[in-house]
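Written out below as structure tokens is the structure these notes cover.
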Amino acid sequence: MTSKPSISAVSFKPTKTSPVSTAGLFVLLWVLSGCQTVAPPEQVTASFWEAMVRGDLESARKHTTPETRNLVVKQQNLENGSVDTGSVDVDGSNARVFTILTLKKPENKVLSFETVLLKENRQWQVDYQATLDNLSLLPLGALFKSLRTIGDTINKELERQIPLFENQLKSFSEELLRQLEEFRRQLEKAAPPDNRRSGTI
């Protein structure tokens, strides 16, 4: 009578893998890792600002650099706003995305600025501090632009008016000389005859 082998007596032999199958496994892993596409800067920018508009701070912070996540706080004036992105400027691990925020309050105000992004761990993330710096310059930028426009307008108007000023000054000088001459004649007429003969007034 033969005894059945116990479970402990059963041994497993490791299977041999060929170099071809090992290489194939590495290729497969490489292809799968390549399928995880990196979101472009404009997509990250849109996702970040859309989360801010919704008041979803948790989602917004996922799109920001770790150093600036604590700056992401609720902004009442962003509620129910809309976001548009424009041109993208990528320089190595830095990117700038032209951003337009249309705010419902006050009165559909439109803000245009650049969202700054950094590429960290192969992912684009919003540098919120640098972006806030861009936003803080908006009022001054608008003021300087207005002043420059006013200055250009004044300069153009002055250039246009200079010939007119010159003509008016010339006419004024001629009229002044004519009146002085007329005044001298009147004095001569009013002078006594003896003074007129002696050539004095």
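The values are calculated or read from the model by the stated rules, or taken from the named source; none is laboratory data. On a predicted model such as this, the values are computed, not experimentally measured, just so you know. Cβ: placed from backbone, ideal geometry, glycine included. Neighbour counts: every protein chain shown. Just the protein is used for accessible areas: all its heavy atoms, side chains included, with ligands, DNA and RNA removed. Shrake-Rupley method; radii C 1.70, N 1.55, O 1.52, S 1.80 Å.
Structure values in brief
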{"quantity": "Largest-first ordering by accessible area, 1.4 Å probe, given options D91, D84, D127, D56", "calculated": "D91, D84, D56, D127"}
{"quantity": "Accessible-area value, T37, 1.4 Å probe, nucleic acids and ligands omitted, Å²", "calculated": "110"}
{"quantity": "Dimensions in Å of region 35-129 - Rg and Dmax from alpha carbons", "calculated": "13.0, 44"}
{"quantity": "Nearest-10 value in Å² for the accessible area of K109, using the 1.4 Å probe", "calculated": "100"}
{"quantity": "Stretchable slack from Q168 to N94, in nm (0.36 nm times residue separation minus alpha-carbon distance)", "calculated": "20.7 nm"}
{"quantity": "Counting all C-alpha pairs of region 65-120, share separated by more than 14 Å (%)", "calculated": "63"}
{"quantity": "Inter-site label distance for E107 and E120 at 7 Å from Cα along Cβ, in nm", "calculated": "4.0"}
{"quantity": "Within the accessible area of region 66-128 (1.4 Å probe), percent carbon and sulfur", "calculated": "44"}
